[in-house]
Amino acid sequence: MATMPDSPARPPDEVWLGVDGWLELVDLAQACGAEPGYIQTLVVEGLLEPVVSEPGWRFGGDELARVRRIQRLQCDFQASLDSAALMLDLLDEIDRLRGLLQRAGLRA
């Protein structure tokens, strides 16, 4: 995982995304406590999309948060990847609808 030399200590959930703001596949997996194959599966199944795919996959902070959310869903509900994907879709839709209500000036 990329580390920043001589940097002040960061909270354990904070991950430095490197000078260019990206995590490579191995770095993302390490930041999530997962194997690179797990991240590859998420990409192949369409649950995660690299921000940059050439010359190699690069992921940002949003993708890091998404993987951690998927992991929590799988752990908390003992959900399969398919079930976690469905829950994630529903949670994303709830967030989208709340945003619409907020933009309309209604209480979400």
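With the checklist (1) of a type in the set (A, V, I, L, M); (2) outside any helix (DSSP H, G or I); (3) open to solvent by 60 Å² or more (accessible area, probe 1.4 Å) in hand, flag the one item Leu97 doesn't pass.
(2)
Take the residues in the stretch 34-46 that are of a type outside the set (Asp, Glu) and farther than 13 Å from Ala85 by Cβ; name whichever of them is nearest to the chain's Cα centre (by Cα).
Selected residue: Ile39.
Please work out if Glu49 is buried (at least 19 other Cβ atoms within 10 Å of the Cβ) and under 13 Å from the mean Cα position of the chain (by Cα).
no
Here are the criteria: (1) closer than 12 Å to Leu88 by Cα; (2) surrounded by 19 or more Cβ atoms within 10 Å (Cβ to Cβ). Tell me which single one Glu63 does not satisfy.
Status for Glu63: all satisfied but (1).
Quick check on this structure: which one of Asp76, Asp20 is among the acidic types (Asp, Glu) and at pLDDT below 95? Outline the logic, then answer.
Details: Asp76 fails: at pLDDT below 95.
Unique residue meeting the criteria: Asp20.
So which residues in the stretch 27-46 are assigned to a loop (DSSP other than H, G, I, E, B) and either touching a residue at least 40 places away in the same chain (Cβ under 8 Å) or buried (at least 20 other Cβ atoms within 10 Å of the Cβ) (or both)?
Within the stretch 27-46, Glu45 is the sole residue that qualifies.
The values are calculated or read from the model by the stated rules, or taken from the named source; none is laboratory data. Computed from a predicted model, the values in this text were never measured in an experiment. Quick reminder, even Gly has a Cβ in these numbers, built from the backbone with ideal geometry, and neighbours come from all protein chains shown. These area figures cover heavy atoms from the full protein model, side chains too; ligands, DNA and RNA do not enter into them. Shrake-Rupley method; radii C 1.70, N 1.55, O 1.52, S 1.80 Å.
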